[in-house]
Amino acid sequence: MDRPFADTLVLDVAGDKSAPGIVREALRTIDAISHVIDDALLVASELVGNVLRQPGRVAETQLHVRASVDEHGLLISVHAPVIANAGAYQDGSGQGDLGLQIVERLAERWDITHDDRYRAWARLTLE
């Protein structure tokens with residue numbers, strides 16, 4: 001069994017258009033991902049953007065962002081509260097979400113879950 005990821009970065013950011021840039025700047029401070037930084041920045045931006053576009057996301061709330069590094073790679077996750085029964089969420093399975101298609105291409109694994117919180121995450125290898 002994989003050992004749990006240790007948090008390298010934990011951020012609460014405003015759930016607005018400034019969020020992707022703030023997350024990208026914070027990720028740039030993690031030395032261990034310098035050789036995959038371009039992919040990490042793109043994936044993080046797309047995850048944040050996807051969470052911001054969710055129809056049930058509680059407006060004016062912060063996004064909770066975590067980035068963790070261990071021997072298996074980089075895990076980036078973005079969480080936001082959602083309103084129960086707010087309608088269909090965007091899971092990236094349709095043709096319309098190019099951002100999540102990019103995440104799928106760059107990430108080793110990724111997923112989206114939702115209940116009382118919407119969570120988008122991706123794991124990138126450090127190779």
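The values are calculated or read from the model by the stated rules, or taken from the named source; none is laboratory data. None of these values were measured; they are calculated from a predicted model. Positions of Cβ are backbone-derived with ideal geometry, glycine not excepted, and every protein chain shown enters the neighbour counts.
Go through (1) more than 18 Å from Gly99 (Cβ to Cβ); (2) at pLDDT below 95 for Asn50 and report which single condition fails.
(1)
I'm checking my understanding of the structure. Among residues of the stretch 85-114 that are assigned to a loop (DSSP other than H, G, I, E, B) and at pLDDT 80 or above, which one is farthest from Ala19 (Cα to Cα)?
Of all residues in the stretch 85-114, those assigned to a loop (DSSP other than H, G, I, E, B) come to 85-97, 107-108.
If we keep only those that are at pLDDT 80 or above too, we end up with 107-108.
Working: Ala107: 21, Glu108: 24 Å.
Among residues in the stretch 85-114 that are assigned to a loop (DSSP other than H, G, I, E, B) and at pLDDT 80 or above, the one farthest from Ala19 (Cα to Cα) is Glu108.
Of the conditions (1) touching a Ser or Thr at 6+ places or on another chain (Cβ under 8 Å); (2) at pLDDT 90 or above, Phe5 clears all except one; give me its number.
The number of the failed condition is (2).
When you go through Val82, Val36, Val58 one by one, which is the residue that is of a type in the set (A, V, I, L, M) and modelled with pLDDT of 90 or more?
Values: Val82 fails: modelled with pLDDT of 90 or more; Val58 fails: modelled with pLDDT of 90 or more.
Checking each option against the conditions leaves just Val36.
Here is a check on your reading of the model: is Asp70 over 13 Å from Gly99 (Cβ atoms) and surrounded by fewer than 15 Cβ atoms within 10 Å (Cβ to Cβ)?
Values: over 13 Å from Gly99 (Cβ atoms): yes; surrounded by fewer than 15 Cβ atoms within 10 Å (Cβ to Cβ): no.
So Asp70 does not fit the description; no.
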